[in-house]
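Step one of this worksheet: look at the structure below.
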Amino acid sequence: MFVNKILIVDIKRNALDDGPGIRTLVFFKGCPLSCVWCQNPEARSPFKEISFNVNLCSECKACLEVCNQKAINFSYKFRVDRSKCNLCGNCVEICPNSALKFVGQEYSIRELLKILLQDRVFYKNSGGGVTLSGGEPLYHIDYVGELVKELKREEIHICIETCGYYNRDKFYELVLPFTDLIYFDLKIYKPKLHAQHCKVSNERILANFEDLIKNKSIEILPRIPIIPGITDSNENLSKLANYLKMLEIKRIKLLPYNPLWLSKSAMIGIKPLYDYSDWLDNNNKERIKSFFSNFEFDDF
Ligand code: SF4
Ligand code: SF4
C-alpha cells in the first residue's frame with residue numbers, strides 16, 4: 001500500500017562513505033529484522049519515538065512541569081517512561097537544551113526530493129549521489145520505488161543499503177530498474193542462528209541475494225558486519241566466505257564493530273540484549289581478514 005509520508009530518522013549531506021563520491025544519506029525508520037547489535041537502534045521501530053540525552057540535560061526540570069502523563073521520572077535511568085508517554089511533545093518543545101527530542105520526522109516524496117536535489121552539482125562533480133539506508137529502506141518499498149523513480153528522472157546515482165529481507169517481486173518491479181548499486185548485508189550463514197540473533201531466519205535474504213547475483217543487472221557489494229562473539233566466529237566467517245566464493249563474488253566489504261551504538265540505545269530507553277563495548281583488536285582483525293584472502297576488500 002502506498003503511503004504519502006514516511007518517517008525519516010536523519011538526512012546526512014556531504015557524506016563520503018556509503019557509496020562513491022559525495023552523497024546524501026537518508027536513514028529510513030523501521031526494519032523487519034531486530035539484530036541484537038543493531039548499530040542504529042533508533043531506526044529499528046517504524047514508529048515515532050522520544051529520545052533523551054543525559055549529557056545535554058541541565059536538570060532544570062521544565063519537562064517535569066509540562067508532562068501531563070507523569071511520564072518524566074528523574075529517578076528512572078532512561079528518564080522517560082515510554083509506557084506512559086503519549087508523544088504529546090510538550091517536553092520536547094520546552095527543553096532549553098534539546099536533551100529531549102523526537103526520533104523520526106515525516107517527509108513526503110516531494111519534501112525529500114527537494115532536499116536531495118540541493119546537492120546535485122556536488123554529486124555530478126564527484127561521481128556521487130544519494131544512498132538510502134536505515135533501518136531498512138525496502139521496508140517502505142512502495143514509497144522508495146516512487147522516490148528512486150523520481151531521482152533517476154533527475155539522473156541521480158542511487159545506492160541502496162539493505163538487509164535483504166524484501167519482497168522480491170516488488171523490488172524488481174519498483175526499485176531495481178532505477179537503482180545503480182546495492183550494498184547487501186550478510187550477517188550469519190546458519191538460518192537458526194540468524195533467527196536467534198536477528199529475529200528472522202535468513203532463508204529469504206539468501207534467496208534474494210542469490211537471485212540478484214544471477215540477475216547480473218546491477219552492481220552489488222556484499223557487506224559482512226563483524227560482531228564479536230556472534231558473526232565473527234571461525235565457523236560463520238568460513239561458511240560466508242565459501243558461500244560468496246561459490247557465487248563467484250570478487251569484492252566484499254567488512255564492516256568493523258562500533259560499540260558507540262550502546263549510548264544510542266539508552267537514549268531511546270532500551271536496555272540492549274547484547275552489550276559488547278570494546279573495539280576490535282588487531283589480532284582479531286588479522287584472523288577475520290584471513291578468511292577472505294581470496295576477495296578484494298578495503299582494509300579496516
Ligand atoms: S512527549 Fe508528552 S507525554 Fe511524553 S514525556 Fe514528553 S511531555 Fe510527557
Ligand atoms: S527540560 Fe531538558 S534540560 Fe531541563 S530537565 Fe528536562 S530534559 Fe533536562
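The values are calculated or read from the model by the stated rules, or taken from the named source; none is laboratory data. What you see is a predicted model; the values in this text were computed from it and never measured. Here Cβ is always computed from backbone atoms with ideal geometry, including for glycine, and neighbour counts include all displayed protein chains.
So is L25 out of contact with any helix residue (DSSP H, G or I) (no Cβ under 7 Å at 6 or more places or on another chain) and over 21 Å from R79 (Cβ atoms) or not? It is true that L25 is out of contact with any helix residue (DSSP H, G or I) (no Cβ under 7 Å at 6 or more places or on another chain) and over 21 Å from R79 (Cβ atoms). Look through the range 21-41, keep the residues that are in contact with a Phe, Trp or Tyr (Cβ under 9 Å, 6 or more places away or on another chain) and among the small types (G, A, S), and return whichever of them is farthest from G128 (Cα to Cα). Here the answer is G30. Scanning the range 60-83 for residues that are under 32 Å from the mean Cα position of the chain (by Cα) and of a type in the set (D, E, K, R) yields K77, R79, D81, R82. The residue of the range 91-142 that is nearest to L33 (Cα to Cα), among those that are among the hydroxyl-bearing types (S, T, Y) and touching a Lys or Arg at 6+ places or on another chain (Cβ under 8 Å), is T131. If you go through the range 7-23 and pick out every residue that is free of Cβ contacts under 8 Å to residues at least 60 places away in the same chain and under 17 Å from K114 (Cα atoms), you end up with 2.
Selection over the range 238-286 of residues that are assigned to a helix (DSSP H, G or I) and free of Cβ contacts under 8 Å to residues at least 12 places away in the same chain gives a count of 6. Residues of the range 30-76 that are in contact (Cβ under 8 Å) with a residue 24 or more places away in the chain, assigned to a loop (DSSP other than H, G, I, E, B) and either acidic (D, E) or more than 30 Å from C163 (Cα to Cα) (or both): C57, S58, C60, C67.
Name every residue in the range 57-78 that is near ligand 1 (Cβ under 7 Å from one of its atoms) and surrounded by fewer than 17 Cβ atoms within 10 Å (Cβ to Cβ), in order of residue number. V66, N68, Q69 - these are the residues of the range 57-78 that are near ligand 1 (Cβ under 7 Å from one of its atoms) and surrounded by fewer than 17 Cβ atoms within 10 Å (Cβ to Cβ).
For beta carbons closer than 6 Å, sequence separation of 6+ or different chains, a first residue in the range 191-206 that is within 13 Å of P225 (Cβ to Cβ) and a second that is of a type in the set (S, T, N, Q) and at pLDDT 95 or above, the qualifying pairs are H194/S201; H194/N202.
Just name the residue that is surrounded by the fewest Cβ atoms within 10 Å (Cβ to Cβ) out of those in the range 175-191 that are out of contact with any Lys or Arg (no Cβ under 8 Å at 6 or more places or on another chain) and under 25 Å from S45 (Cβ atoms). Across the range 175-191, the extreme among qualifying residues is P191. Picking from residues in the range 148-165 that are in contact with a Pro (Cβ under 9 Å, 6 or more places away or on another chain) and surrounded by 22 or more Cβ atoms within 10 Å (Cβ to Cβ), the one that is nearest to L33 (Cα to Cα) is C163. All told, N208 meets the bar of being touching a strand residue (DSSP E or B) at 6+ places or on another chain (Cβ under 9 Å) and farther than 26 Å from K285 by Cβ. For the range 84-96, the set of residues classified as within 27 Å of the chain's Cα centre (by Cα) and in contact (Cβ under 8 Å) with a residue 24 or more places away in the chain consists of C85, L87, V92, listed by residue number. Does the range 104-114 include one or more residues that are surrounded by fewer than 22 Cβ atoms within 10 Å (Cβ to Cβ) and either closer than 27 Å to K199 by Cα or modelled with pLDDT under 95 (or both)? Yes: one or more hits. Note on the range 79-105: residues that are more than 6 Å from ligand 1 (Cβ to nearest atom), under 16 Å from N55 (Cβ atoms) and of a type in the set (A, V, I, L, M, F, W, C) amount to 3.
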